[in-house]
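First comes the structure, then the notes that go with it.
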Amino acid sequence: GENVEQHPSTLSVQEGDSAVIKCTYSDSASNYFPWYKQELGKGPQLIIDIRSNVGEKKDQRIAVTLNKTAKHFSLHITETQPEDSAVYFCAASTLWGYQKVTFGIGTKLQVIP
Amino acid sequence: DSGVTQTPKHLITATGQRVTLRCSPRSGDLSVYWYQQSLDQGLQFLIQYYNGEERAKGNILERFSAQQFPDLHSELNLSSLELGDSALYFCASSVRGRGPSSYEQYFGPGTRLTVT
């Protein structure tokens, strides 16, 4: 089955700096890679996703990159703000067929004002 | 607010007992997913239902079962509970069970289960 590794497990950055979270996956059949943000006491919320036919996707201060050959994908948050503090999960899945989503272990991001 | 509701929010029970967790998907969503989140295991996929039928199974124990009813709400039944079953249980829903338009999953707020 799919295995998703995520690092770092914790990340502290100063407000305004950038944060990068990296994930690797094992199953070459995976072609959909969502990122979720989980705030304390809440369920995960989809913040951005990328399909395997795209190398990069941006949404304001958030970007995701995908290297299919190396089976790596990364989340980049620029100009971090205190409200970005949360746990971030990467995941891998397939777009076709019934989904079994495999999540990374999570990264706790702390943005220091 | 994702539109997915889960009840109860908290549940405290003893080992050996049985509990039922309930999930109502977003209006119009046919697919429901159950996840278990614990500190050491992260977010683990348990099972998926689409329009009343089981469609995918993950790391779900035999002591656990689920179903989706005609009104599309779903229940996760956990029996013979053990201390290690203490975790957050999330339900998520998506529009369909398969195909490119189905991929966005919306998570509920979760049920925190504590087994003592």
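The values are calculated or read from the model by the stated rules, or taken from the named source; none is laboratory data. As the structure is a prediction and not an experimental result, all values here were calculated from the model. Cβ placement follows ideal geometry from the backbone for every residue including glycine, while neighbour counts extend to all protein chains displayed. When the accessible area is computed, the model is the full protein with side chains, heavy atoms only, and any ligands, DNA or RNA have been set aside. Shrake-Rupley method; radii C 1.70, N 1.55, O 1.52, S 1.80 Å.
In table form, for the structure just shown:
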{"item": "Protection proxy ranking of B:78-84, B:21-27 - average other beta-carbon atoms within 10 Å, highest first", "result": "B:21-27, B:78-84"}
{"item": "Averaged over B:47-59, number of beta-carbon atoms from partner chains that fall within 10 Å", "result": "2"}
{"item": "Over chain A, relative contact order from alpha-carbon pairs under 8 Å, at least 6 apart, %", "result": "36"}
{"item": "Carbon plus sulfur fraction of accessible area for chain A, probe 1.4 Å, in percent", "result": "47"}
{"item": "Stretchable slack from A:Asp27 to A:Ala70, in nm (0.36 nm times residue separation minus alpha-carbon distance)", "result": "14.3 nm"}
{"item": "Residue of A:Gln81, A:Gln45, A:Gln60 that the Gaussian network model of chain A assigns the largest fluctuation, springs spanning Cα pairs under 10 Å", "result": "A:Gln60"}
{"item": "Within the protein assembly as shown: Cβ-based charge dipole about Cα centre, in debye rounded to nearest 20 (Lys, Arg +1; Asp, Glu -1)", "result": "320"}
{"item": "Shielding score for B:110-116, defined as the mean number of other chain Cβ atoms within 10 Å", "result": "1"}
{"item": "Label point 7 Å beyond Cα of A:Lys42 along Cβ direction - residues of the stretch B:1-29 with amide nitrogen under 17 Å", "result": "B:1-6"}
{"item": "Segment B:Asp1-B:Phe69, length gained on full extension (0.36 nm per residue, minus Cα span)", "result": "22.2 nm"}
{"item": "Which listed pairs, of A:Lys58/B:Lys57; A:Lys68/A:Lys108; A:Lys71/B:Lys57; A:Lys68/B:Lys9, have C-alpha distances above 31 Å, in listed order", "result": "A:Lys58/B:Lys57; A:Lys68/B:Lys9"}
{"item": "Cα-centred dipole magnitude for the stretch B:1-113, charges only on beta-carbon of K, R (+1) and D, E (-1), debye, nearest 20", "result": "60"}
{"item": "Shielding by partners - mean other protein chain Cβ count within 10 Å, residues of A:74-82", "result": "0"}
{"item": "Rel. contact order, % - alpha carbon contacts under 8 angstrom, at least six apart, the stretch B:7-108", "result": "32"}
{"item": "Charge dipole (the stretch B:1-59, unit charges on Cβ, about Cα centre) - positive-most of B:Val4, B:Gly16, B:Val32", "result": "B:Gly16"}
